[in-house]
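What follows draws every value from the coordinates through simple rules; no lab data is involved. Note that this is a predicted model, so its numbers are computed, not measured. All Cβ positions, glycine included, derive from the backbone under ideal geometry; neighbour counts span all protein chains shown.
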Amino acid sequence: MYETVDSLFTGICDAIRGKDGTTGLISHQDIPDRIAAIGVGGGESFTSPFYTYSGSGLKLENMVASNFSAYNAVFLSEAFLPGDSAWEIGVKFTWPETISKYANVLFGSHVRGFYDCPTLEIGSNRNLMRVVAAVPDGTSAWNHIGEYAAETTPGVTYWTRFKFDGEKYVVSLSADGQTFEDIIQIDHGVMYQNATYSKLQFGGINRSSNHYFEGSIDLRETYIRIDGQVWWGRG
């Protein structure tokens with residue numbers, strides 16, 4: 001029995017930390033999302049915490065995130081530092097019923113600028129889908145950029161993977177989550193990595209009001225793997 005509200009919240013936060021393996025303080029705004037990330041669909045939990053920055057407008061229903069904006073997104077608090085290892089970022093996303101923005105960034109950096117993390121932009125101009133993949137150099141540009149264009153339909157769901165196999169960067173796309181088509185290949189280049197700045201966000205980039213994703217992202221099928229092991233998400 002909790003005698004005060006403070007002790008109740010302390011107990012809730014202790015229970016969250018006991019489930020997801022973290023030790024840091026949890027703000028009261030983050031409690032609902034942290035609880036939602038625990039034990040969904042078979043008792044699995046996220047392998048690294050996520051939080052929403054000023055995210056009162058972010059919708060998270062059955063682990064499907066939507067209503068992204070400049071400050072409503074899924075932000076990872078740990079830096080993405082795979083070194084020279086192979087890695088893969090997988091996202092299940094659904095286009096909005098009405099597409100009004102050209103730049104819809106699925107994921108990118110969020111700490112200080114645009115050029116600190118791998119970035120995948122899924123833009124659209126009416127019914128044309130334009131995919132842009134970028135590898136950062138940590139200064140004011142990306143080392144390599146690859147592009148792809150195809151027709152799309154508002155409201156349709158896709159699965160995408162952005163990976164580094166040790167030799168090259170490859171982006172693949174699927175309409176059913178089973179059969180993937182490689183749509184972009186970028187020759188091997190050194191990827192900038194920084195323990196302070198290389199932190200990813202899903203649903204936009206750099207808290208930009210012009211580049212957030214208008215659709216939804218299903219976190220149950222969104223993940224990051226390093227050397228084949230799940231680093232964040234379900235995988």
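Couple of notes before you dig in:
- Note that segment 197-209 has calculated 3J(HN,Hα) couplings of 9, 7, 10, 8, 10, 9, x, x, 8, 6, 6, 8, 6 Hz, one per residue in order, obtained from phi through the Karplus relation 6.51 cos²θ - 1.76 cosθ + 1.60 (θ = phi - 60°); glycine and proline are x.
- Virtual spin-label span in nm between S85 and I31, 7 Å along Cα→Cβ: 3.4 nm
- Each residue of segment 84-92 was assigned a 3J(HN,Hα) from its phi angle through the Karplus expression (A = 6.51, B = -1.76, C = 1.60, θ = phi - 60°), giving 9, 6, 5, 8, 8, 10, x, 9, 9 Hz with x at Gly and Pro.
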